[in-house]
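Note sheet for the following structure.
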Amino acid sequence: MENNLPVNVREYQELAKKALSKMHYDYINGGAEDEHTLRDNIAAYGRILLRPRVLVDVSNIDMSTSLLGYNMPSPIIVAPTGSHKVANPEGEVATAKAAASCNSLMVLSFSSNCRIEEVAASCDAIRFYQLYVFKKRAVSATLVRRAESSGFKAIVLTVDNPMLGRRERDIRNKMVAPDKPNLEGLISLENLDTTDGSQLAKYVRDTMDPSLSWKDVEWLKSITSLPILVKGILTAEDARKAVEAGAAGVIVSNHGGRQLDYAPATISVLEEVY
C-alpha cells in the first residue's frame, strides 16, 4: 500500500469517490447550479503563469508568515468545512490534530460533527471559529461564547450564505443533513423532510437569517472581544465596508463555488481585494 499512496489532491479525490457514499461524496465535492464557479476555481489557477527568475540562492527557503499575530510555517490554513465524520470517524478532532502536527491554523466549522469543547481539548492547534448568523441571535451568541471560553482566537463570520445555493447534487440525492451536536438544545433539527430536495436546504431556510447585513458585524463586535474576520468577500468595495464595520480582516472566498454560480473564481479577484 505504501507504494500506492496518493501523491496529489486529484488522487485523494479518486480514493474518496471509492470510499464514500455517493450522497456524501457529492456533498463534499459538489457546487451550486451548473457548477461553473466550482470548475473555474481550479481552472483559474491554470491561467496564472509563473515568471521564474534564475540563479537565485534557494538553499534556504522560508515560507513562514503570521495571521493576526499567530506565526505559521506557511500561508496554508485549514478552511472551515463541516461534517468531517462522513469521511473519518474522529471527525474534526482528527483534522485539528493534523493541523497541530503541521503547526498550522484551523478554522472550525459551525457545522462540525464534533463539539467545540471536544475539538478544543484534543490538541494545541491555533483555532478560529466559523460563525453563521441565525434568525435566533441567541443561538449565534451562545456559539460565540462557547468558542471564546474554549480558547478560540478569532471569529470567522461567513457572510455569503443568507440563503443556500441551489446544490443540484444534494437535491437529486435528497441529502440528509449530518449531525450538528453544537446546536443541540439550541435549534430543533427535527422534521427536515426530503420530499422536495435536501434536508440541508430546508435546514438553512428554517434557521439562517436572510436579513443578514453590515449591522450584524457591529452586533457581533458588541458581544465578543475576539477579532472578527469576514469570510465571503469578492469585491474591493465589500472589503472596504468590512474594515469600516470593524473587521480585523477579510477572507476572499466564493464558498468553494457552492453558493452563487457564475461568481468569479476566488483567485481571480484576490488582486482587486488586496
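Laid out as a table, the results:
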{"quantity": "Condition met for K85 (charged (D, E, K, R), within 18 Å of the chain's Cα centre (by Cα), assigned to a helix (DSSP H, G or I) and under 30 Å from N173 (Cβ atoms))", "calculated": "yes"}
{"quantity": "Enumeration of residues in the range 52-67 that are over 15 Å from A125 (Cα atoms) and of a type outside the set (D, E, K, R)", "calculated": "P52, V54, L55, V56, V58, S59, N60, I61, M63, S64, T65"}
{"quantity": "Residue list for the range 148-171, filter: in contact (Cβ under 8 Å) with a residue 40 or more places away in the chain, of a type outside the set (V, I, T) and not in a loop (DSSP other than H, G, I, E, B)", "calculated": "E148, L157, E168, R169, D170"}
{"quantity": "Of all residues making up the range 119-131, the number that are under 17 Å from K180 (Cβ atoms), in contact with a helix residue (DSSP H, G or I) (Cβ under 7 Å, 6 or more places away or on another chain) and either modelled with pLDDT under 95 or not in a helix (DSSP H, G or I) (or both)", "calculated": "2"}
{"quantity": "Out of V230, V269, V250, sole residue that is part of a strand (DSSP E or B), without any contact (Cβ under 8 Å) to a residue 40 or more places away in the chain, in contact with a strand residue (DSSP E or B) (Cβ under 9 Å, 6 or more places away or on another chain) and crowded, with 16+ Cβ neighbours inside 10 Å", "calculated": "V250"}
{"quantity": "Residue satisfying condition, being of a type outside the set (S, T, Y) and out of contact with any helix residue (DSSP H, G or I) (no Cβ under 9 Å at 6 or more places or on another chain), within set R137, R172, R240", "calculated": "R240"}
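The values are calculated or read from the model by the stated rules, or taken from the named source; none is laboratory data. It should be emphasised that the depicted structure is a prediction, and the values quoted were computed from it without experimental measurement. Note that we place each Cβ from the backbone using ideal geometry, even for glycine, and neighbour counts take in every protein chain shown.
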